[in-house]
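> If you scroll down you'll find the structure; I have some questions about it.
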């Protein structure tokens, strides 16, 4: 059987993977590319812990097969910081407000927030709640996550 | 000897390798006083994806482990059959016979096996273990193993069980006589179901064989030394051969207090047999199906009051469902019993609690630990008494709430740190409780008078108040005798050593804060040792909201002693002289062991005395909209005021209040486990639902500080407090909106509609002051006999009931026979579902 090679970019870096096409993007990221920042919470698209951006859209990496991202641009939490010691303004806002507690939902939450901010919509509380409705958090009650996203949305 | 910091000293010489100290004037070194709020210690790692949770850890050559579980609730295990056509040399199989030590995992009673040996006592009980070098082999092996069993009769209702795990009684007065003297007696029976902790990171453990024949486990956990003890016993190992290391932990809420012990034993047994590291990473389905939940409970309550509102008597009967094994049930029952009277002064209180065994998965620790169950009932009673007396629920609580000098049902005098009144007033004021209550009343009246233009969305507001005993119950802390340490290392840096785990609540931030302040050094200059039993002492479990109060107090005292010893030797402030001291004298470590809080005594035999050294106090006001056509509840806002003694880090403390409040809102409205023959039916995240950001109310956290003098910083803990008040506040608001009381959690649309249908045919609840001797039964049950009030069965459906109210009138247990889960349900006789076999690498 001829092995198909899938080519896409992850956080701007070109990637070539020779894996079964139905391998979950989540496993490709975590196991084949050793990018363990993306988390698995349920494996069935309910919790959003594995949220990544594919061509700018938020997806659950547990529901997306690798074959579907061929030629795409994939963004994960590892690509958010601007340097080894430099958090992005969005990450800084989470740190400042207390938006991360146990941290397991945080990578996915950050990616959903990133997509919302990139979209440029008015950062009202309702709009932010809508934007992260696919990302479950059991620690914060969402209050400080919403505060963080609103803070990051404000012009510096 | 006391050495005081001299203000205005210059910074240490630049050659010294310590960060510049914070200069703290002597008169400002008050314990617990944050000198600027530091950021979460491990926050940057969590925000960049660098933090390593168990499933992120890589162990080359690791095998994957899986658990073979029972599919029956009660059965005799006749054999474990391995398909002879499969090459079993490719995998390892572990059964009870492979356990080198005792086949027991125990915190209180030795009744639970690590692997069932001859009798299966609940669905999803572990019976055998498998490990394989890759996942596909593991999956194949799982399909080729069969449990041969013979069914045994099973018990699912704790009221029908004859096996008791524990019972307690609090209060010795003649409660019957006191009730007989009351003008009004409010009676109620309340039921609360299972609740899943639903940490977003599933249970996970990796066992690595050690060269000395022992094992090191890395996992998601709350209590390293509980696991240490469990491993030693089951694997017959010495303490040194057993090492437990906490990986970054993605939430616990009590759910990683006890279960990780059995999981660690399983992983260690497999690792021992195959000689490789073994990964046991549960998937969500296995985690939901097999791990501990909040105890379901039935609470029967009678409250006697005088017409002027005086509280005369409380009589409470509590029955908890412990599940198949004892686990922590006696302690959960104890806390539930001790809190069942609520935070109210009452001359005659009798509380009788018992916990029964059923053939369901064992229940265990979950934030609140028995108190949310009984305080739900207690608050329902207060609200219903207020309704019966025609007074505001706020006013009645003002009359009843404990004040300093009052005595609890165990005979404990509340000498200090009594914040009930203050949290009540703060929550009522911040929420505009009385003003909004007037508005919702006007909305109800408008609706009643103008049916043509009626809105289907009715607003409601509700109030609840609670207390929560701080730290372990009774003499628990004395028995634990926890140790925490602070050390000056050989290179002159400062490190904290405790077994207290970080699971999001902020341990790794507040401990360095407390120590930095005591030593007069910068927060960043204080390191915290990893939670690894080969490094840190046993500081007790990270549970019971005890970490900030108890272990935080030990850490402060250790730092104080370290500072004194260094300053005594050098004659200079610690911050300036620590490096010199270390160079000259070498490292110095101070261990601080827990000493009983002065004047705190509890008699475990008679259940009398100081049940807790002090109490946290919480009030919540919830605003809801109820759609009267669909029964759907929208919780719009919650104002939560919590007396935490001392907020060491107010942002982290608020985070605890907000998160606990939302868990309580979920408990009140949507979180429910349905069982069929002892099996959880909604054992996936698609069917067990928790609040999303769209379900979550706006939460306002108010921190109140009534310090506890027994802790050097005054902190009393915060984690569990908000869990006690959210549900009764929401249910009171639903009543305000609809006029019906929901006696069973969660208050689902089905239950609300059923209760509303009942109200239409039953007598209205009394609206004003009542006649002497009145007995107020369950609202919505007026006119029904006592049998109906206590039955958990399904009485006849009322004629003409609406199609979506298949449950009967009355609000009590309208347990629908048809299940509403969207997921196709497997019959219990179906083959075992796929249990997780590790998703990591």
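The values are calculated or read from the model by the stated rules, or taken from the named source; none is laboratory data. As the structure is a prediction and not an experimental result, all values here were calculated from the model. Positions of Cβ are generated from backbone atoms using ideal geometry, with glycine treated the same way; all protein chains shown enter the neighbour counts.
> State all residues of segment B:112-134 that are in contact with a strand residue (DSSP E or B) (Cβ under 9 Å, 6 or more places away or on another chain) and closer than 21 Å to residue B:223 by Cβ; if no residue qualifies, say none.
B:113, B:114, B:126
> Do we find that residue B:442 is touching a residue at least 40 places away in the same chain (Cβ under 8 Å) and not in a loop (DSSP other than H, G, I, E, B) in this structure?
Here the answer is no, as residue B:442 does not meet what is asked.
Table: residues versus (1) modelled with pLDDT of 95 or more; (2) within 25 Å of the chain's Cα centre (by Cα); (3) buried (at least 23 other Cβ atoms within 10 Å of the Cβ).
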{"residue": "B:225", "(1), (2), (3)": "yes, yes, no"}
{"residue": "B:240", "(1), (2), (3)": "yes, no, no"}
{"residue": "B:270", "(1), (2), (3)": "yes, no, yes"}
{"residue": "B:275", "(1), (2), (3)": "yes, no, no"}
{"residue": "B:282", "(1), (2), (3)": "yes, yes, yes"}
{"residue": "B:334", "(1), (2), (3)": "yes, yes, yes"}
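> Output the residue which, of all residues in segment B:685-707 that are at the interface with another protein chain (Cβ under 7 Å from one of its Cβ atoms) and assigned to a loop (DSSP other than H, G, I, E, B), is nearest to the chain's Cα centre (by Cα).
B:690
> Let me ask another. List, please: which pairs have Cβ atoms under 9 Å, are six or more places apart or on different chains, and start with a residue in segment A:37-54 that is part of a loop (DSSP other than H, G, I, E, B) and end with one that is at pLDDT below 95?
Once the first residue is part of a loop (DSSP other than H, G, I, E, B) and sits in segment A:37-54, its partners that are at pLDDT below 95 give A:40/B:839; A:40/B:840; A:43/B:836; A:43/B:839.
> Can you tell which of B:79, B:65 is under 21 Å from residue B:275 (Cα atoms), assigned to a strand (DSSP E or B), in contact (Cβ under 8 Å) with a residue 40 or more places away in the chain and touching a strand residue (DSSP E or B) at 6+ places or on another chain (Cβ under 6 Å)?
B:65
> Of all residues in segment A:97-114 being touching a residue at least 60 places away in the same chain (Cβ under 8 Å) and more than 18 Å from residue A:154 (Cβ to Cβ), which is nearest to the other protein chains (Cβ to nearest Cβ)?
Result: A:104.
> Across segment A:79-89, which residue is farthest from the other protein chains (Cβ to nearest Cβ) among those that are touching a residue at least 24 places away in the same chain (Cβ under 8 Å) and out of contact with any strand residue (DSSP E or B) (no Cβ under 8 Å at 6 or more places or on another chain)?
Out of the qualifying residues, it is A:89.
> Could you tell me whether segment A:128-141 includes any residue that is crowded, with 24+ Cβ neighbours inside 10 Å, touching a strand residue (DSSP E or B) at 6+ places or on another chain (Cβ under 9 Å) and at the interface with chain B (Cβ under 9 Å from one of its Cβ atoms)?
The answer is yes; a qualifying residue exists.
> Just to be sure before I move on: is residue A:63 in a loop (DSSP other than H, G, I, E, B), away from chain B (no Cβ under 11 Å), within 22 Å of residue B:281 (Cα to Cα) and at pLDDT 95 or above in the structure I sent?
yes
> Looking at segment B:222-249, which of its residues are in contact with a strand residue (DSSP E or B) (Cβ under 6 Å, 6 or more places away or on another chain) and either under 17 Å from residue B:500 (Cβ atoms) or assigned to a helix (DSSP H, G or I) (or both)?
B:224, B:227, B:228, B:231, B:232, B:244, B:245, B:247, B:248
> Turning to a different aspect of this structure: Every residue in segment B:248-261 that is on the phi < 0 side of the Ramachandran plot and buried (at least 24 other Cβ atoms within 10 Å of the Cβ), please.
Within segment B:248-261, B:249, B:250, B:252, B:255, B:256, B:257, B:258, B:259, B:260, B:261 meet the criteria.
> Name, by its number, the condition in (1) surrounded by fewer than 22 Cβ atoms within 10 Å (Cβ to Cβ); (2) assigned to a helix (DSSP H, G or I); (3) more than 7 Å from chain B (Cβ to nearest Cβ) that does not hold for residue A:145.
Residue A:145 satisfies every listed condition except (1).
> Residue B:455 is checked against (1) modelled with pLDDT of 95 or more; (2) assigned by TED's automatic domain parsing to the domain that holds residue B:716; (3) part of a loop (DSSP other than H, G, I, E, B) and fails just one. What number does that condition carry?
(1)
> When only residues in segment B:627-649 that are surrounded by fewer than 20 Cβ atoms within 10 Å (Cβ to Cβ) and touching a strand residue (DSSP E or B) at 6+ places or on another chain (Cβ under 6 Å) count, which is farthest from residue A:95 (Cα to Cα)?
Among them, the one singled out is B:628.
Here is a yes/no grid of residues against (1) buried (at least 24 other Cβ atoms within 10 Å of the Cβ); (2) touching a residue at least 12 places away in the same chain (Cβ under 8 Å):
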site	(1), (2)
B:674	no, yes
B:686	no, yes
B:693	yes, no
B:698	no, yes
B:704	no, yes
B:707	no, yes
B:717	yes, yes
